[in-house]
Amino acid sequence: MRGLAGSLVFVLCLFAGHAHAGVSGAVDAITLPFDYTDARLYVPVTIGNDPSTYTFILDTGAVPTGIDDALARKRGFAVSGAGMASGAGAGATRVGSTGPLSLHVGAAALNVASLNVSPYDALLAATSGRRVDGIIGSQFFIEHVVTIDVEQRRITLHDPATWRYAGKGVRIPITFKYGVPMAEVSLTLPDGRHIAAHAALDLGAKSTFLIPEPFIDRYQLRQVFPHTVTMGLGAGMGGDTHYAFARGTRIALAASPSIGLDRPVIGLSVKGTLRSSWHDGLLGAAFLTRYRVTFDYAHQQMILEPFADAPTQGFDRSGLFLVSAGSDLQGIDVREVVAGSPAAEAGLHPGDHLIAVDGKSVKQWRLWQLRDRLRDPDVENVRFQVQRADGVSEMSVHLCDQL
């Protein structure tokens, strides 16, 4: 999610101000829980004196902190401005601003002078399967050293003015572009080429490596991969996102080539999903969360500590792109079916409304749980019961690897 409304100069000024002014929120050794579902991180947030807890996405790829427009209206916040913002997706989304606001991310204070106001929930809830009340962007990472441990489901915050790393992890130098952390990566292609890419480190990207169209054209990447699967991934500030997914040979960080992944899933932008030329790709959460990752903006480094048992990188084995449906997000619908896929061969169609999966009512499934099942290499068949205009149909999908 690229809500690029800042600049590197702005970020460096914030670094200087926080180092000398003791900004509220720069604290030592605070821990907070988070949810990690479908390669996205969600943190609990409270606003002002309201005891209600809201769910915000934690995103290194977003510069401004943002709040959902419906929530802003519900809370009676004054919203100014009526511009448009673009990002992942072919279109643009309206954006205003409000503030100042005092937030708490878990127990950590975050005093925000101005927040973006956009319809985050309307954009993201259906493809995420859960409510999205806002975005926690770069200010949080500037004010803290942030360590994310998906195995323990724990985020640890330290004061960048006093914290120094003493572990055995790998230090990766980072720079900043428009407030987004960047690192050099090396991509090995099926044709044997090794190409360098200036990648954004983007926790908001729900994949391993997503490539924008200018970089694809520069290296004629659409001709390189012998097999691709084109399907939806989610949504961004520009609306729904689509990629032609393929398996690369290897992706690694240039500063430490041992930090990498063989046969990574690579997403080539299609339908104008990624059009930016300021980065060569998005190194996303599916890569970064294979490690206990520390973002230390003040010292311009990212620290990676490999997990003993890093998860394998799965990919959908059905050919289905499913979304949540209904005001309560308790329904699940088929939005896309890849031609020639197991789901297509079983007779599933776009627009099918799921009633039950493997004998369980769809209300007993969450969207991400079903997506996980459709990626699981140990699952051979999944039984669907669907509602259509002409009645109820049942079918079984024999899963097989699509990449």
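Evaluated with a Cβ-only charge set (Lys, Arg +1; Asp, Glu -1), segment 120-241 carries a dipole of roughly 280 debye about its Cα centre, given to the nearest 20.
The charge dipole of the chain, taken about its Cα centre with unit charges on the Cβ atoms of Lys, Arg (+1), Asp and Glu (-1) only, comes to about 380 debye.
Shape call for segment 236-320 from the C-alpha gyration tensor, a ≥ b ≥ c root eigenvalues: rounded (a/c under 1.5), prolate (a/b greater than b/c) or oblate? Spell out each step's value before the answer.
Details: a/c = 1.95, a/b = 1.31, b/c = 1.49.
Since a/c reaches 1.5 but b/c is at least a/b, the shape of segment 236-320 is classed as oblate.
Across the options LEU320, GLN402, THR294, the greatest Cα extent toward the positive end of the charge dipole of the chain (unit charges at beta carbon of Lys, Arg, Asp, Glu) belongs to THR294.
The amide H of LEU399, built 1.01 Å from its N in the peptide plane, has ASN381, VAL382 as neighbours under 5 Å, considering only residues 5 or more places off or on other chains.
Placing dummy labels 7 Å off each Cα toward the beta-carbon, the span from ARG193 to ASN49 is 6.2 nm. Scanning residues 5 or more positions from GLY236 or on other chains, those with amide H under 5 Å from its amide H are THR241, with H placed 1.01 Å from N in the peptide plane.
Note down the nm distance, to one decimal, between modelled labels 7 Å out along Cα→Cβ at ARG75 and at ARG388. Placing both labels 7 Å beyond Cα along the Cβ direction yields 4.6 nm. Close amide H partners of ILE67, meaning residues 5 or more places away or on another chain with modelled amide H under 5 Å apart, are ASN116, VAL117, SER118, ILE135.
Dipole orientation for the chain: of the candidates PRO190, VAL392, LEU354, PRO190 has the Cα lying most toward the positive pole (charges on Cβ; Lys, Arg +1; Asp, Glu -1).
When DSSP beta bridges are restricted to pairs lying wholly in the chain, around 90% turn out antiparallel. Projecting the Cα atoms of ASN381, GLY99, SER128 onto the dipole axis of the chain, where Lys and Arg carry +1 and Asp and Glu carry -1 at the beta carbon, places GLY99 farthest toward the positive end. Legend: P(r) of the chain from all alpha carbon pair distances, 20 Å bins from 0, whole percents, reading 27, 58, 14, 0.
Put a plus charge on the Cβ of each Lys and Arg, a minus charge on the Cβ of each Asp and Glu, and nothing anywhere else: the dipole of segment 324-398 about its Cα centre is then about 220 debye.
Each value in this text was obtained by applying a stated rule to the coordinates, not by laboratory testing. Here the structure is a predicted model, which is why all the values come from computation and not from measurement. As a convention, Cβ positions derive from the backbone with ideal geometry for all residues, glycine included, and neighbour counts pool all protein chains shown.
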